[in-house]
């Protein structure tokens, strides 16, 4: 131990950032989103006009996709494993909650097991996490593209199981390939859309807080070690297999939660909605927003839902544009939109400007 | 052809309890026999492991830390066999190591990289972390304190919150040494810690290592090409050549051993080297 | 017995096209080290091209002779593969993005002159407070020139070439390409299934008591011929270079092998083979957008069985899947067929990631 004062144990941010701690800015964003339905500030965007049901529904979709994006981000951005089973797990969340919470005495499209929604939701999410954990076993054995193909196949497998005929498996109650009606959970005192909005926002809030807490601390750095210095994790006492499995489990949990929220919002689930198409949607959400960025998935989800609503009449064009977006995002903006401010801040002319400003007035940005 | 001398200094395994001893290591990659019956005993203190390129030095480290399986032989840590242990278990048993090329997370801070070394010492799991339990937070703060002290010893406290990728290669290697040491090991394997370091960094590294060794009675095993450094630091040096120990003992003994000189320079240079003792 | 023979021949027929897709995937994997998820879609473009060129003018075709159409379509496929590599894959393998910058900016410039002059801002920008009518040509031209310049500069100078070859962006690129191509096909030719008749379609002959279609013979024969041609290619000058790149790209480059050109040739060949596979497959079934989806998965299974390296293993793997599928189709329910296929992928990857090949390549993405 030396007598001289050591630097702080926790990183010192620049003065502006230090003034607002990370938890406070996160809470502020969510507080703002919670009161957004009663504000009329996004009326000009039409799609995200939070004063009417259309805008609120779209925002709820944004939240649902962002939840899946956050989990995907932990898997891809932090642990560096490209697991593509996410579409299947999303479907599991959507169908699982729908089947479990549906009344048992109803007709085919709405038949289920009569569980309360708030029992069905955690059960399905934990089931998904366990499946994710099992899906992760290839991660322990396989590397790189083998893993990508195996997990893609597993995701598809879940969807094909959902599509199975009643004749093959009677208790499944997914109503085959024709689709399933989703029973709504209603938050007391709110109308349908507002209830979905608040439910999705709450789920996103929990996901986001968990993400911030976990990635800023031990789990975050350990997953980064698995991603970047996998070969050296042994002599650090880190079991990289365990952490890959854990990342799969957490992302599966988030994907199922997102699927449940999506189903609550769209009130009807169709197996064909969960094919490779959904994987591409979620990849767009992740990549456009920016891999391993906190607000990346939310930004990506806003972009995606905006595009989807704008091009709703021309679905064919939507897919073309999303495909091209994914290609261009990979080629041009490999770090995503959320990195833009940092990219600009680090660029040479901004540094130059800061230096000149710093000479004039001595405040740091 | 192996000339094993163990009587010249106090490094006789019969008198001092070896922290780490490897016996009869045999490793072959395909037909290439890298280690052919290596016996080494390392006591607390500084131990040098030198030899020409391709002699199998790093392979010894890889066997000890569990990257390479030895087809026969034994590895004993304080008398306990670790051969059956996984890499992670060996760390918990007290073997720390660094790599020739620094293996750091470049976009994480120096502090975070160093904290990785304490990973296996955390008692609370990630669920406690998620719930922000006070015990877990205290543990994290303690770990940060220990890491900051360690970084301070190696003159890295000022850059603790900078990204590791922004550091020079020398500083990165120091970070790796610090990361190996915060894990509270009893045996530390340092693979060329001074290669690529500037003179100042080497001074800091040696001072830090000497202090820690004295405080904790560590067994430090160093692979190094800088013979001068090894000679000045290690009372006991082992020389590896083509997978065999050709000489072992005090620096004076090893540097004048004709077998060593031949291994490094080939025939005909014995006289030249003898003229300039370093 | 006769039925069994018939099923085996049918299995060999479909297996032949699975094998060819698998071979195309392996060729690209060898040179560029990416599993091309867009392989079947790229081949499908060629199949649609062949249908379009040879089709009845009354049904929207051009009506050229069948063989001319086939030759042109396959030539188009090779060029298309090469262009894809040149524009999209090259920048991601650490080579110059100049071609992409030039093409993207010219394309965007043309599109903006067209839209700004004819229709004003697209409806996509309807929230932007500008007139709905078209701009005068000179205004549109100025705006387009600015767009071109900005796009070019952005891609050329802002986007930093990747310092290391990362497989994750490449993988995403092929997923995006897969999606975009599917939607291009849908936009150009619609999503209704089409009959694509070859001269041999419908012709049959009897072998003992078994009726065998000429299309089956042609498909199997062409498949074997292409596989042999590819095996021979790998002993030619470029083939040896390609194997060198696959074995150790870094050393191969140091020895003066132009990795970019090898990759270009591989993409051309891969797309050519995939085009042939899709033409054979669609001429014996129907030509539709969904044809690619099933084939890419089977192609991947074949490639996995060949350990992504062995041509023989891949070819045999494809045939095995085809025969297995045909035999299983007779015995087991067809509803379970996709589930079984997916299970095979997962199980094979888990149990034997190397497939038939002893030297499987397990690389990190």
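Counting 0.36 nm for each residue step from residue C:238 to residue C:141 and taking away their Cα separation leaves a gain of 30.4 nm. Treating each Cα of region B:37-185 as one equal point scatterer and applying the Debye formula with no solvent, the log10 of I(q)/I(0) at q = 0.10, 0.11 Å⁻¹ comes out as -0.43, -0.51. If R0 is taken as 30 Å, the Cβ-Cβ distance between residue B:141 and residue A:209 corresponds to a FRET efficiency of 0.90. The packing ranking, built from the mean of other Cβ atoms within 10 Å per residue, places the peptides C:223-229, C:208-214 in the order C:223-229, C:208-214, highest first.
Inter-part distance, region C:232-251 to region B:50-106, computed on C-alpha centroids, equals 37 Å.
Could you estimate the translational diffusion coefficient of chain B from the Stokes-Einstein equation, with Rh from the Kirkwood formula over C-alpha pairs, at 10 °C and 1.306 mPa s, in whole µm²/s? The diffusion coefficient I find is 81 µm²/s. Gain on full extension, evaluated as 0.36 nm per residue between residue B:256 and residue B:84 minus their Cα-Cα distance, stands at 58.1 nm. Top mean-square fluctuation among B:51, B:196, B:249, Gaussian network model of chain B, C-alpha springs under 10 Å? Checking each option, the largest mean-square fluctuation is seen for B:196. Peptides C:74-85, A:206-217, ordered by how many other C-beta atoms sit within 10 Å of their residues on average, highest first, read C:74-85, A:206-217. In this simple spin-label approximation, residue B:168 and residue C:83 carry label points 7 Å from Cα along the Cα→Cβ vector, and these lie 5.2 nm apart.
With a simple spin-label model that places each label point 7 Å from the Cα along the Cα-to-Cβ direction, the separation between residue A:28 and residue C:191 comes to 4.5 nm.
Put a dot 7 Å past the Cα of residue C:255, heading toward its Cβ, do the same for residue A:126, and the two dots end up 5.8 nm apart. With contacts taken as Cα pairs under 8 Å and at least 6 residues apart, region A:197-339 reaches a relative contact order of 19 percent.
Per residue of peptide B:84-90, the mean number of Cβ atoms on other chains within 10 Å of the residue Cβ is 4.
For region B:112-165, the alpha carbon convex hull comes to 88 Å³ per residue, rounded to a whole number.
Per DSSP H run of at least 4 residues, take -39500 (n - 2.57); add these up for chain B, divide by its residues and hand me the 222 nm value, nearest 500 deg cm²/dmol. Rounded to the nearest 500, the figure is -11000 deg cm²/dmol. Springs between Cα atoms under 10 Å define the GNM used for chain B, and in it the highest mean-square fluctuation of B:220, B:182, B:159 occurs at B:159.
The mean number of partner chain beta-carbon atoms within 10 angstrom of a residue's beta-carbon across peptide B:179-185 is 1. Region B:202-220 and region C:262-277 have Cα centres separated by 60 Å.
Between region A:59-130 and region A:230-273, the C-alpha centres lie 11 angstrom from each other.
Annotation: the residues B:112, B:252, sorted from fewest to most other C-beta atoms within 10 Å of their own C-beta, follow the order B:252, B:112. Residue by residue along A:319-325, Cβ atoms of other protein chains within 10 Å of the local Cβ number 6 on average.
Can you compute the label reach from residue B:210? Point 7 Å from Cα along the Cβ direction, backbone N cut-off under 16 Å, restricted to region B:225-254. Within reach of a label on residue B:210: B:228-236. For the peptides B:35-43, A:269-277, C:24-32, the ranking by packing is C:24-32, B:35-43, A:269-277, with the highest mean count of neighbouring Cβ atoms within 10 Å listed first.
Using a Gaussian network model of chain B with C-alpha springs under 10 Å, which one of B:118, B:90, B:137 is most mobile by mean-square fluctuation? Its mean-square fluctuation being the largest, the pick is B:137.
Taking the number of Cβ atoms within 10 Å of each Cβ as an exposure proxy, the fewest-first ranking of B:141, A:151 is B:141, A:151. Summary value for chain B: 28 percent relative contact order, contacts being C-alpha pairs under 8 angstrom separated by 6+ residues.
With both residues required to sit in chain B, DSSP beta bridges show an antiparallel share near 55%. Residues B:221, A:324, ranked from the fewest to the most other C-beta atoms within 10 Å, line up as A:324, B:221.
No lab work stands behind these numbers, since they all come straight from the coordinates. Predicted model only: the values in this text are computed from it and were never measured. Methodologically, a virtual Cβ is constructed for each residue, glycine included, from the backbone with ideal geometry; neighbour enumeration extends over all protein chains shown.
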